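> After the structure tokens below, expect a handful of questions from me.
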Amino acid sequence: MKIEKSLSKMEIKHLSWLAKIELTKKEEDLFSNQLNDILSYFQKIDEANVEDLPPTYHVIDISNVLRSDKSRPPNPEQALKNVPKLKGRYVKAPRIV
Amino acid sequence: MGNIKIGLEVHSQLTNLNSKLFCSCPTDYRGKEANSYICTVCMGIPGTLPVLNKKAVEDAILIALSLNSKISDKMYFFRKNYFYPDMPKNFQISQYDKAGGITLATGGYVSIPNKKVRIRRIQIEEDPARITYEGTIYKSKSSLVDYNRAGIALLEIVTEPDMESPKEARIFLQKLSSILEHLDVCHSYLEGSMRCDANISMEGGKRVEIKNISSFKEVERALNFEMTRQRNLLIKGISTKMETRHWDEIRRVTISLRIKEEEEEYRYFPEPDLVPTIITKEWVETIKDKMPELPDAHKERLIKKYELSPQNADVLVNYKLLGDFFEKCAEIYYKPGAISNWLVGDLLGYLHEKGIQLQEMKISPVHITKMLKMVDNGIISGKIAKTVLEEMIISGKMPEIIVKEKGLIRIHSDELIEQLTNKVFEENKEAVNDALEDEKAMHYLIGQVMKLTKGRADPELTNKVVRDKLIEHKKLLEKKN
Amino acid sequence: MKKIFEYSAFQIVEKIRNGELSSLEYINALFDRIKEVDSKIHAYLTVAKDMALDEAKEIDEKANKGEHLGSLCGVGMAIKDNICTESIRTTCSSKSLSNFTPSYDATVIERIRKEDAIILGKTNMDEFAMGSSTEYSFFGPTINPYNDERVAGGSSGGSAAAVAISEATASLGSDTGGSVRCPASFCGVIGLKPTYGLVSRYGLIAYANSLEQISPIVKDVRDLAILLNCIAGHDERDSTSLKVVKDDYTRFIGNDIKGLKIGVPKELFGHGTNKHVLKRVWDAIHVLEDLGASYTEISLDSLEYALASYYIIANSEASSNLARYDGLRYGFRSDEVNDWSDTFSKNRREGFGQEVKRRIILGTFALSAGYYNKYYLKAQKVRTLIKKDFDKAFKKFDILASPTMPILPFKLGEKLKNPLEMYMCDLDTVPANLIGAPAISVPCGSYDGLPIGIQFIAQPFKEGSLIQVSYKLEESLQD
């Protein structure tokens, strides 16, 4: 099948930056090949005639699932149980700039 | 100089909700210990799922209605994907008007003097966490995250670039915040409850975005700075480039963020964990029925009912809390004009001067009306009343108590005032001579008498005594000559 | 004579209720069995022995006192390691969550506990459920109980293998594109993916939210009905959970299938399908025919797009779902480098395995500027097309039948070099996830000692039909 658009290593670099996953040089090479294979397979859907069809974002037709505005006591112990690094009550994060 | 176009993206918390947008955590996190108002949902703990707060949607609809916007009959939530340490899930549940997305509302406007600022769209989203630093952002080796704010319901109101000066932007924001205050859905006096991004472009330059503006005062400052910066560039023949800049509140400058082509790649897609919300006409109608009086109608009513000046009415509407306070005073005491002057002038002025928020002042309408009665009954002078007012605001004591404690009651005694006047005449002989020619010098003498009584001397009486004394003095002089 | 760890769940419940069996004795037998075989099979990542034995004692006490015993009383269950269990480590077979111990129970866990089931431990899987062989586990693969050179299938390989070799009486997995049906087929047990929205996803660590459901794996159809009775039903914590009137699925057990109309979509019997698989599946269809059902071969043209559409949607959602693993709030945290962005990138490089990275990159691409319409949006429209095709078919047929897997359990390592080849394994299972319909894999024989499964797909909420036909097939094949 004709590959309309192949993923260059530059693009893979960019994608890995967007996804915040550092890739090794080796992974970049490997992924570049593998992902292009996969993408050329994905292009199968180009053939599908779906012009007038809406997308199915939600497979089951339900709407308006809403909860009433009642507050419950928070549960910080549950939420903080697995935090790797705390500083006092703060979650420690890397430097911003 | 070329035309300026300013557009705003206002982020307003729905502060009157009891619970967060997608979980049941309470919303009154301000002043609470870090990471104490959180649960597994707003912390983004794996496996947890969001459930939409109905009241948040209703408050948002109410706001959209008040801004004359068109409410969508169906809306979706989309994920806005980007990484940042304040993001519990590294995506924000928000709304989107492209890629098949529909936001809560579109269109609408806010009227400000001489124009309508058009609204582009209104959407609901979740607030991120708050980051603090050890020291400054630049020097801090690490950052500290407090998730208490994470998941608070936020409304994003995006305007068209219809404002033509930083001042106009401020006026728009004042009006918007007054509207939200009237709706009782967002109290902008709560720290960080209303934040703003601004974009500004000048004829001949590209659009520049300014992020991270934390309050309205800062918006005008940031825009003024940016306007001057761009103008200087244009004068030098350099055209501004399209970029995002950060407002540094401390240094009061905008700083260019690293320009990254990737910056805007948010990879929006529909939030699979939430279902569409259908907004029926009936639902909108029931919300519309609850629509309270809005600023324009409020102002008109104040003017009509209480015969206030448009200026005073404007201030009372802009400061809705003060407006409510005024009406309570006006119910108790029959002089709305005087009340409004006191509130808009001395009271508000003093609060601004001292940096006190309206809701922090310790007085009730009765304080004000009692004070006014004391003035009208001649118990204290207007000048003394000002002192009393300031004292009331700080301590919350009733005016009669303050007057008693500080001995501020007006001096009506002819004898005492005559004594004091004699003393002043003795000590200011030159001024006395001048006063025979010059009215101003006479007022100086009156002022000296007032000063000796710490303002308590009855002004009319003092006036009379000083005048009489001067005439006497004149006669004496004529006799001598 | 069956050994006690080999009993079905309904038998265990019956025996404990009758006082014939001590819960403690049975649970101990299961742990002995785990000790005996799991070093070879590697179905479990974590066992929760102390907790399980305490619970078994409690159940025995309740039985002695004549107190109420739940519908799953004493049943020893294995839980896939992407379903949150309070105080029991839950890793998703990923280094990034290797130290994650949830502080809450998933809704399904609450429900099975309420019915007195006992959790034995957490089972191996492909990392974040991304895979069809359980080879993409940070902790190493699960081995097929029928052949130690072959895979158990995936991604719920541990849950299926544990039930197959009686290290657990029943288990829970999750099925995003066949993740329960595939290993059920490869391990010779029953796996059902329920209608989307029938079982709460609260507490299921998300891979692809719009496709996946927590799914039971069992030894026989009766157990399936009992387990489904317990876990199905509305949950207000999951917005996609449906408010449906709860059915009693046991009422479909034993109902005859005279007049049942079966559709046989030829696209699910594609060229690549192994001939032994084809033979067993057709044999099974003929068995059903003998029992009074009729079948018709049909064509669902849109199915040729199903796999591509599935992988685009699943990876897109995954790229977003897995963004949260940055090391701040839970899970693996690497050393800091430079600023937050570099630290996140390093953390995620070290925390994720290669297949996860591959899928995140793919999903990031499919959602990125300029490609959204071509990939993500188009895939969602294709989903509509496929749904329409199925809707049409379900107007004529009660159920559709096909092989669960087009191939026999393959050799360990065989498909690791070529990810696309691994994806192809899911050809027949992904359509049910795309349309939200229930689908089951039931054993229908074997070849060369390797199990083969037949898949039945029904309309949404027709789990009853699947149970009905599966039970009849199971009954006939046992004779």
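> Once you've got the Cα coordinates, tell me which of B:K54/B:K89; B:K383/B:K404; B:K299/B:K354; B:K328/B:K373 are over 18 Å apart.
Long pairs (Cα-Cα over 18 Å): B:K54/B:K89; B:K299/B:K354.
> Further, regarding this structure: Using the Kirkwood radius over C-alpha pairs as Rh, can you work out the diffusion coefficient of the protein assembly as shown via Stokes-Einstein at 10 °C, viscosity 1.306 mPa s, in µm² per second?
48
> While we're looking at this one, here's another question. Show me the trypsin sites (Lys or Arg not before Pro) within segment B:199-238 that DSSP assigns to loop and that have at most 16 other Cβ atoms within 10 Å of their Cβ.
B:K206, B:R207, B:K236
> Add +1 for every Lys or Arg and -1 for every Asp or Glu among the other residues with Cβ under 11 Å from the Cβ of B:K354, and state the total.
So the environment of B:K354 carries a net charge of -3.
> While we're looking at this one, here's another question. Average partner chain C-beta neighbours within 10 Å, per residue of B:19-29? Walk me through the numbers on the way to the answer.
Working: counts 6, 3, 0, 2, 6, 9, 7, 5, 2, 1, 1.
What the average comes to for B:19-29 is 4.
> Along the charge dipole of segment B:4-288, which of B:L223, B:P46, B:F83 sits closest to the positive end, that is, farthest toward it, with unit charges on the beta carbon of Lys, Arg, Asp and Glu (+1, +1, -1, -1)?
Of B:L223, B:P46, B:F83, it is B:L223.
> Return the Cα extents of chain B along principal axes one, two and three, sorted largest first, each rounded to a whole Å.
Reported extents, whole Å, longest axis first: 101, 56, 47.
> I would also like to ask the following. Positive end of the dipole of the protein assembly as shown, charges at C-beta (+1 Lys, Arg; -1 Asp, Glu), about the Cα centre: which of B:G31, C:Y311, B:V284 has its Cα farthest in that direction?
Going by the Cα projections, it comes out as B:G31.
> Among all stretches of chain B without exposed chymotrypsin sites (Phe, Trp or Tyr not before Pro) (DSSP loop, at most 12 other Cβ atoms within 10 Å), which one is longest?
Details: sites that count: B:Y138, B:Y334.
Counting only loop sites that pass the neighbour cut-off, the longest clear stretch is B:139-333.
> Over all distinct alpha-carbon pairs, what is the Kirkwood Rh of chain C in angstrom?
22.2
> Ignore the peptide's own chain and count Cβ atoms of other chains within 10 Å of each Cβ in B:128-141; give me the average, rounded.
Mean partner shielding for this stretch: 2.
> Which value, in nm² and rounded to one decimal, describes the direction-averaged projected area of the C-alpha convex hull of segment A:1-48?
Working: hull surface 14.2 nm².
With every direction weighted equally, the projected area is 3.6 nm².
> If eta is 1.002 mPa s and T is 20 °C, what Stokes-Einstein diffusion coefficient results for chain A, Kirkwood Rh from Cα pairs, in µm²/s?
110
> Using only the Cα atoms of segment B:4-77, what semi-axes does the equivalent ellipsoid have when each is the square root of 5 times a gyration tensor eigenvalue? Give whole Å, largest first.
Semi-axes, largest first: 27, 17, 13 Å.
> Still on this structure, please answer the following. Based only on Cα atoms, what mean projected area does the convex hull of segment B:4-288 have, in nm²?
On the way: hull surface 62.2 nm².
That works out to 15.6 nm², a quarter of the Cα hull's surface.
> Towards the positive end of the charge dipole of chain C, with charges on Cβ (+1 Lys, Arg; -1 Asp, Glu), say which of C:S294, C:I83, C:L120 has the farthest Cα.
Positive-end residue among those listed: C:S294.
> Could you name the aspartates and glutamates in cross-link range of C:K65, using Cα to Cα under 19 Å and dropping any fewer than eight places away on the same chain?
C:E14, C:E20, C:E25, C:D54, C:E55, C:E115, C:D116
> So how strong a dipole does chain B carry about its Cα centre when Lys and Arg Cβ are +1 and Asp and Glu Cβ are -1, to the nearest 20 debye? Let's see the in-between values first.
Values: 73 positive and 71 negative charges, 108 e Å.
Roughly 520 debye for chain B.
> Taking 8 Å as the Cα distance limit and 6 or more residues as the minimum spacing, I'd like the relative contact order of chain B as a percentage.
Over chain B, the number comes to 13 percent.
> What is the packing order of peptides B:115-124, A:17-26, C:59-68, C:73-82, taking the mean over residues of other C-beta atoms within 10 Å and listing the highest first? Provide the component values of the computation, followed by the final result.
Numbers: B:115-124: 21.1, A:17-26: 18.4, C:59-68: 13.6, C:73-82: 30.2.
Sorting B:115-124, A:17-26, C:59-68, C:73-82 by mean packing, highest first, produces C:73-82, B:115-124, A:17-26, C:59-68.
> Sticking with this structure for a sec: So what is the orientation-averaged projected area of segment B:295-406, using the convex hull of its C-alpha atoms, in nm²?
Its Cα hull, projected and averaged over all orientations, spans 6.4 nm².
> Taking every DSSP beta bridge with both residues inside chain C, roughly what % is antiparallel (nearest 5)?
Bridges in chain C are about 65 percent antiparallel.
> Place a +1 charge on the Cβ of each Lys and Arg in the protein assembly as shown and a -1 charge on the Cβ of each Asp and Glu, then give the dipole magnitude about the Cα centre in debye, rounded to the nearest 20.
That gives the protein assembly as shown a dipole magnitude of about 2320 debye.
> Okay, next question. Tell me, what is the percent relative contact order of segment B:73-121, built from C-alpha pairs under 8 Å that lie six or more residues apart?
29 percent.
> For B:K236, which lysines qualify as cross-link partners when the Cα separation must be under 27 Å and same-chain residues fewer than eight apart are set aside?
In chain and number order, the partners are B:K5, B:K167, B:K206, B:K211, B:K260.
> When Cβ neighbours within 10 Å are restricted to other protein chains, what is their mean count per residue of peptide C:416-425?
Working: counts 0, 1, 3, 5, 8, 1, 0, 2, 1, 0.
Per residue, the average neighbour count from other chains is 2.
> Turning to a different aspect of this structure: Given Cβ point charges of +1 (Lys, Arg) and -1 (Asp, Glu) and nothing else, what value in debye, to the nearest 20, does the dipole of segment B:4-288 about its Cα centre take? All intermediate terms of the calculation are to be shown ahead of the outcome.
Numbers: 42 positive and 39 negative charges, 151 e Å.
It works out to roughly 720 debye.
> List every residue whose amide H lies under 5 Å from the amide H of B:K397, counting only residues 5 or more places away in sequence or on a different chain, with H placed 1.01 Å from N in the peptide plane.
none
> I would also like to ask the following. As a test, work out the antiparallel percent of DSSP beta bridges whose residues both lie in chain B, rounded to the nearest 5.
Around 90 percent antiparallel, to the nearest 5.
> Go ahead and run the numbers for FRET between B:K328 and B:E353, Cβ-Cβ distance against an R0 of 25 Å, rounding to 0.05.
Efficiency for this residue pair is about 0.60.
> A further question follows. Give, as ranges by residue number, the residues of segment B:423-443 whose backbone N falls under 14 Å from the point 7 Å along Cα→Cβ of B:K451.
In segment B:423-443, the label zone of B:K451 (backbone N under 14 Å from the point 7 Å along Cα→Cβ) covers B:423-432, B:441-443.
> Also, I was wondering about something else. Quick one: 3J(HN,Hα) in Hz for segment C:356-369, Karplus 6.51/-1.76/1.60 with θ = phi - 60°, rounded, Gly and Pro as x.
Coupling constants for segment C:356-369: 4, 4, 4, 5, 5, 4, 4, x, 4, 5, 5, 9, 7, 3 Hz.
> Go through segment C:370-382 residue by residue and turn each phi into a ³J(HN,Hα) via Karplus (6.51, -1.76, 1.60, θ = phi - 60°); whole Hz please, and just put x for glycine and proline.
So the J values, rounded to whole Hz, are x, 10, 3, 5, 5, 9, 4, 5, 4, 4, 5, 6, 4.
> Also: Please enumerate, by chain and number, the lysines with C-alpha under 28 Å from the C-alpha of C:K279, excluding those fewer than 8 residues away in the same chain.
C:K193, C:K219, C:K258, C:K261, C:K266, C:K392, C:K395, C:K396, C:K411, C:K415, C:K462, C:K472
> Give me a comma-separated list of calculated 3J(HN,Hα) values for segment B:332-339, in order, Karplus coefficients 6.51, -1.76, 1.60 applied at θ = phi - 60°, integers in Hz, x for any Gly or Pro.
Result, rounded to whole Hz: 8, 10, 7, 10, x, x, 5, 4.
Just so you know, all these numbers are worked out from the coordinates, no wet-lab data involved. Predicted, not measured: the structure shown is a model, and the values here were computed from it. We place every Cβ from the backbone using ideal geometry, glycine too, and count neighbours over all the protein chains shown.
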